[in-house]
Amino acid sequence: MEFQKHVLREYALLADGHRGAVVGPRGDVVWLCLPRWDSDAVMSGLLGGPGGYAVTPTATDYVWGGHYEDGSLVWRNRWVTTAGVLECRDALAFPGDPKRAIVLRQIICHRGSVRIEVSLDVRAGFGRESMTRLSRSGDTWTASSGELRLRWSGATEAVRRRGALHLALTLTAGDQHDLVLELSEGGLPDERVNSGVAWAETESAWRRAVPRLGATVAPRDARQAYAVLRGMTAPGAGMVAAATTSLPERADAGRNYDYRYAWIRDQCFAGQAVAADGAHELLDDAVSFVSSRLLEHGSDLAPAYTVDGGQVPEQVDLDLPGYPGGGAVRGNWVRSQFQLDAFGEALLLLGAAGAHDHLDTEHWRAAEAAVRAIEQRGQDPGAGIWETQEQHWTHSRLIGAAGLRSIARYAPIQQASAWNGLADTLVQRVGADSMHRSGRWQRSPTDPRVDASLLLPAIRGAVPAGDPRTRATLQAVEEELADDYVLYRFRHDERPLNEAEGAFLVCGFHMALAQHQQGNETEALRWFERNRTACGSPGLLTEEFDVVQRQLRGNLPQAFVHALLLEAGSRLATPWVV
């Protein structure tokens, strides 16, 4: 079974915390890994492999649209044809089961008469294992794919064709047809899922999981961002950076990465973003995951882990064609890096939790471990926020200072004094070796360029907003890296910025926060609005945005971009608090 590729802005995400499914405008589920985010795909059509699950009108003249139900990852594909109007509600049953995925699909005809085709082709092991042992009892099919077991309910009239199951349906106005797909690496329970009960539980769980988030300049987008973060966070564990692997940042540029792992920095961004609105569940999840890693690894903290705290596997090539313009890989070489800023971000996260009185004894032990790591390794070169070559990056060291100042607010007097003193020392060192002659921060002692990440030290409190270096850096970033209210990371070479890479949406939200901190409210809102609309109908955001072609680039969705949308929307709703 082959699936037509679509531009990234047309794909939606279904997620239950343990895994995610990517669904396209033809009702085609083209990406699903089991049992967890970084497992082998059982549907890999997104990367040109076999396997998928489609619900599509047979008409060739339909117009597509869709939206998420408010504050959830329940997605509604909608097709308007000359014969009628059809919707398909899609969700992974929520909250998810760590061993079993349940794909819920509810097809509804609103007007006229519409004929649809349904196809199911489960291929475990990134497509290596076809469906075998197919059998039907009533309206339910069972089958195997490698070690995977599946049960598909609601498909009485399905037929086998070329190893897949196909179902033709004609629905008229008022008709509804439910399909339930259960997938498990172990055995399936004897009792099949009741679709009505599963839908009711999923809807109720999303209502409980996503707070109202009313104190923001964009309430609906804030709730959607929170839902994305919740769907990408394993209960009580890590949050994946993105649901996918290998979606290219630039066609044929060789920049294809596996982001199905939990980055410490990204987890901290998400926790701080949630804390800007309140002490919601995702704040505690972030604190728990990051604290556990600090207590286990101390100064040897890795930049990223699997969602259950394991080591990220080495990067290897996958035997798949890849999304057009890219290759296909699994694993990530980030496992071997040292990133100093992760310790500063961890302290900023713990400081944000401290502001809500959400720190216990274990969390304080984790904070002390992060401080010791900064003391021991604050002079070590590292990969930096953009994970490039090892340097004494200005951003990394200043974020360490910001984290120390943040957690010191909640520490005993003697400890607070020592931690603030260490922060002062870090800032002084950076001031001595990484000040540009123009009065702004530069990327490192040996790299005089400006970098969008250098907006963060003032936002996070390493240096005051009124510090001349803060204002000079803001001005330089805006003059050298901005284009039509989107922001690039840094200038790679003499090419125009958009030819080297896409704009980084997370940087655009950082600029909104920086302008807000300076009291430039109109500019802050312009930056916020421009960057939050860099999406398609599903409202999902990737890491990069191609300004010229107005296309999303990179893995989908990028969690920390949604986190900064949430944080910026919350902070812009009230005056900046020092």
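Just a few scattered comments:
- Residues of the range 182-205 that are touching a Leu at 6+ places or on another chain (Cβ under 7 Å) and either open to solvent by 50 Å² or more (accessible area, probe 1.4 Å) or over 13 Å from Asp97 (Cα atoms) (or both): Glu185, Ser195, Trp199.
- The single condition among (1) in a strand (DSSP E or B); (2) closer than 15 Å to Gly231 by Cα that Arg78 does not satisfy is (2).
- For first residues located in the range 272-294 and touching a residue at least 24 places away in the same chain (Cβ under 8 Å), partners that are among the charged types (D, E, K, R) and lie 6+ apart or on another chain with Cβ distances below 7 Å form the pairs Gln272/Glu567; Ala273/Glu567; Ala276/Glu567; Ala276/Arg571; Leu282/Arg230; Ser291/Glu362.
- Of all residues making up the range 121-162, the number that are over 33 Å from the mean Cα position of the chain (by Cα) and of a type in the set (Gly, Ala, Ser): 5
- Among the residues listed as Glu480, Glu523, Glu494, the single one being farther than 25 Å from Arg265 by Cβ, out of contact with any Leu (no Cβ under 7 Å at 6 or more places or on another chain) and surrounded by fewer than 17 Cβ atoms within 10 Å (Cβ to Cβ): Glu494
- Close contacts from the range 462-477, counting a first residue that is touching a residue at least 24 places away in the same chain (Cβ under 8 Å) and a second that is acidic (Asp, Glu), with Cβ to Cβ under 8 Å and a gap of 6+ residues or different chains, come to Val477/Asp451.
- Of the listed requirements (1) open to solvent by 10 Å² or more (accessible area, probe 1.4 Å); (2) touching a residue at least 60 places away in the same chain (Cβ under 8 Å), Glu501 misses just one: (1).
- For the range 35-48, the set of residues classified as of a type outside the set (Asp, Glu), more than 16 Å from Gly322 (Cβ to Cβ), in contact (Cβ under 8 Å) with a residue 40 or more places away in the chain and open to solvent by 10 Å² or more (accessible area, probe 1.4 Å) consists of Pro35, Arg36, listed by residue number.
- The listed residue being over 18 Å from the mean Cα position of the chain (by Cα) and within 30 Å of Thr306 (Cα to Cα), out of Ser44, Ser72: Ser44
- Ser119 vs. criteria part of a strand (DSSP E or B) and without any contact (Cβ under 8 Å) to a residue 12 or more places away in the chain: no
- Look at (1) open to solvent by less than 10 Å² (accessible area, probe 1.4 Å); (2) touching a residue at least 60 places away in the same chain (Cβ under 8 Å) and you find that Ala155 fails only one, number (2).
- Annotation note: of Ala462, Ala458, the sole residue that is part of a helix (DSSP H, G or I) and open to solvent by less than 30 Å² (accessible area, probe 1.4 Å) is Ala458.
- Filtered by the rule that a residue be open to solvent by 70 Å² or more (accessible area, probe 1.4 Å) and farther than 20 Å from Leu454 by Cα, the range 413-431 gives Ile413, Gln414, Ser417.
- Residues located in the range 56-84, provided they are surrounded by fewer than 14 Cβ atoms within 10 Å (Cβ to Cβ) and in contact (Cβ under 8 Å) with a residue 12 or more places away in the chain: Asp61, Val63, Gly65, Thr82
Yes/no per residue for (1) under 28 Å from Ala418 (Cβ atoms); (2) within 23 Å of the chain's Cα centre (by Cα); (3) not hydrophobic (A, V, I, L, M, F, W, C):
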site	(1), (2), (3)
Pro324	no, yes, yes
Trp333	no, yes, no
Ala355	yes, no, no
Ile399	yes, yes, no
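- Leading residue by the ranking (surrounded by the most Cβ atoms within 10 Å (Cβ to Cβ)) among those in the range 134-145 that are among the small types (Gly, Ala, Ser) and either at pLDDT 95 or above or part of a strand (DSSP E or B) (or both): Ser145
- Some residue of the range 113-120 being open to solvent by 50 Å² or more (accessible area, probe 1.4 Å) and of a type outside the set (D, E, K, R): yes
- Residue among Gln517, Gln558 that is of a type outside the set (A, V, I, L, M, F, W, C) and more than 20 Å from the chain's Cα centre (by Cα): Gln517
- Test: Val30 is at pLDDT 95 or above, under 14 Å from the mean Cα position of the chain (by Cα) and part of a strand (DSSP E or B): no
- The listed residues are Pro98, Pro50, and the only one of them that is part of a loop (DSSP other than H, G, I, E, B) and under 24 Å from the mean Cα position of the chain (by Cα) turns out to be Pro98.
- Matching option when the condition is in contact with a Leu (Cβ under 9 Å, 6 or more places away or on another chain) and open to solvent by 20 Å² or more (accessible area, probe 1.4 Å), among Arg100, Arg123: Arg100
The values are calculated or read from the model by the stated rules, or taken from the named source; none is laboratory data. Since the model is a prediction, treat every value here as computed from it, not as a measurement. Cβ coordinates were reconstructed from backbone atoms using ideal geometry, including for glycine residues, and neighbour counts include every protein chain displayed. For accessibility, only protein heavy atoms count, side chains too; no ligands or nucleic acids. Shrake-Rupley method; radii C 1.70, N 1.55, O 1.52, S 1.80 Å.
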